[in-house]
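Each reported figure results from applying straightforward, stated rules to the coordinates on display, with no laboratory input. Values in this document were obtained by computation on a predicted structure and should not be read as measured data. Quick reminder, even Gly has a Cβ in these numbers, built from the backbone with ideal geometry, and neighbours come from all protein chains shown.
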Amino acid sequence: MDEPDRIGRRVQRMRTGLGLTQKQLAGDAYTPAYISTLEAGKVRPSETALRFLAGRLDTSYEELTTGRPAHLATELRLALTDAQQTLAAGAADEAAARYGRLLADAERLELTPERAEALLGLGDCALEAGQLAEAIGRFEAAERLLGDQPLPRRARAVRGRAVAHLLAGELRYACYLLESTIDELGASGLADPEALLLLYAAVIGPYIDMGAHARAAHAAELALALAPQVSDPALVAGMHRQVARTFLAEGRVADADASLAKAQQIYAQLRLRTDLAHCHWMRGYVLAQNGQLDEAERELRTARDMLAARGAALYTAQVEVELADVLRQLGRDGEAAALLAELLELGDRHGAVHAGGAHRLLGLMAEERGETESAEEHYVQALALLERSGATGDLADLCRLLGDLLRRSGRTEAALDAYRTGLGHRAAPGTTTLGPAPAAPGFTTATVSGSRWAGGRAG
């Protein structure tokens, strides 16, 4: 609401425009003296008075108190929804252009919620394009705008920042953002199911990458318990996609595939092509773990093509590492090496974890060809990249590979050093160096049938 002097001038302008006297505007409810005082800006009118005057002046309460016609805010919200659908349909560049125009309109009209929504949309577009610094800036700006709002309203901005840091290989900080927000939600008593589901689903990925499988399993169980309380189908589908990762880590391939099938069905209905591509990607991973390599290749190529068509460079790089591993297992080392070499030409700007994964695979292929020196070089490069990202589970596995290579070449002391490094990164099941796990929210959770709390990384 504007200050009293601005509201007073607005009332006077509208009244004279309609040819009304102060007495006529006051009617039987108020006095002409009250209208005069109000128009002079010497009194802050109540909501009741303003709604009465809006009716007499043939305008809306919103326009009278803010100077903005109500239909403009409604039209802007509708246009934001259209931009969201454009992004979901796969036109990230067009969506970004729309969000940019809508942000300018919202700033001109001083509509804070709509400004925040436009910033969140621009953040999502930047994530699609792999522009992580820009994405973080957009999400931070949205969070600042919503600073006086309840925490559940800020959950999407926090989740966006965390995903951007995760894609940049900053796993520990991504976990910190998500865990601290979950704890804050619990402490505030604002255990909003939708906000919690968004955060729990987002934290599963970094937990898995850090080797904290028990913590990932617990987050998955809580997310599954929250799903019936959430009406947003896209959010529920995203949860199923992330929960599938914990099932994979526990060796529960059938459960993982069932979760992915649910997510894929919802995404197909909603036509959210990026998320649908993620489902093809995860199904390809499940099939590869089950030894169905031809089917896995088809799913991964479908995912890669869908993501590449949308310009989602970071996600495309992730899928290409998985696809290269399948090609290696199929005995097509040449194709795998060419794919990985092309990826590494871009440097590690697509994320240290994925560049590390590429070097790991190239090391495996070199070792299989008997090229020990080349294999060691790739393993060492992968080790440096993964240490920077904090991907604990991958680091332990890589140290084992390097140790085995060194031992077979007779370098026992160096092998022992590699094994010790790996043991240092392999935390005990259910533990992590992040501090205490977030407290469970204040509701009764449903038990996930057959859940196991420990388990090694799948594959």
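A simple charge model with +1 on the Cβ of Lys and Arg, -1 on the Cβ of Asp and Glu and nothing else charged puts the dipole of region 46-94 at about 280 debye relative to its Cα centre. Once the convex hull of all Cα atoms in region 70-149 is built, its volume per residue stands at 77 Å³. Ordering G370, V253, L300 by the projection of their Cα atoms onto the charge dipole of region 211-425, which places +1 on the Cβ of Lys and Arg and -1 on the Cβ of Asp and Glu, puts V253 at the extreme positive end. How big is D for the chain, in µm² s⁻¹ as a whole number, if Stokes-Einstein is applied with the Kirkwood radius of its Cα pairs at 25 °C and 0.890 mPa s? In µm²/s, the coefficient rounds to 99. Counting other Cβ atoms within 10 Å as a rough exposure proxy, the listed residues S60, S180 run S180, S60 from fewest neighbours to most.
Tell me the relative contact order for the chain as a rounded percent, counting alpha carbon contacts under 8 Å between residues six or more apart. Don't skip to the answer; put the middle values down first.
Values: 691 pairs, mean separation 60.8, N = 459.
Across the chain, relative contact order equals 13 percent.
Each residue in I35, I136 was given a count of other beta-carbon atoms within 10 angstrom of its own, and listing them fewest first yields I136, I35. Using alpha carbon coordinates only, what is the Rg to Rh ratio of region 28-83, with Rh defined as the Kirkwood radius? With Rh from the inverse mean 1/r over Cα pairs, Rg/Rh is 1.14. Taking the alpha-carbon centroid of each part, what is the distance from region 1-44 to region 87-106 in angstrom? Region 1-44 and region 87-106 have Cα centres spaced 40 Å from each other.
Shown for D192, D183: other C-beta atoms within 10 Å of each C-beta, ranked fewest to most, produce the order D183, D192. Note on the chain: with charges restricted to the Cβ of Lys and Arg (+1) and Asp and Glu (-1), its dipole about the Cα centre is near 1260 debye. About its Cα centre, the dipole of region 211-425 is roughly 620 debye, where the only charges are +1 on Lys and Arg Cβ and -1 on Asp and Glu Cβ.
Each of the chymotrypsin sites (Phe, Trp or Tyr not before Pro) that DSSP puts in a loop and that has at most 13 other Cβ atoms within 10 Å breaks the chain; the longest unbroken stretch is 1-442.
Modelled this way, with points 7 Å down the Cα-to-C-beta line, the labels at A97 and A338 are 3.5 nm from one another.
Across region 211-425, how large is the tail of the calculated P(r) beyond 28 Å, expressed as a percent of all Cα pairs?
Within region 211-425, distances greater than 28 Å cover 33 percent of Cα pairs.
Rounded to the nearest whole Hz, the Karplus-based 3J(HN,Hα) values (6.51 cos²θ - 1.76 cosθ + 1.60, θ = phi - 60°) of region 116-124 follow the sequence 5, 5, 5, 5, 4, x, 5, x, 4, with x at glycine and proline.
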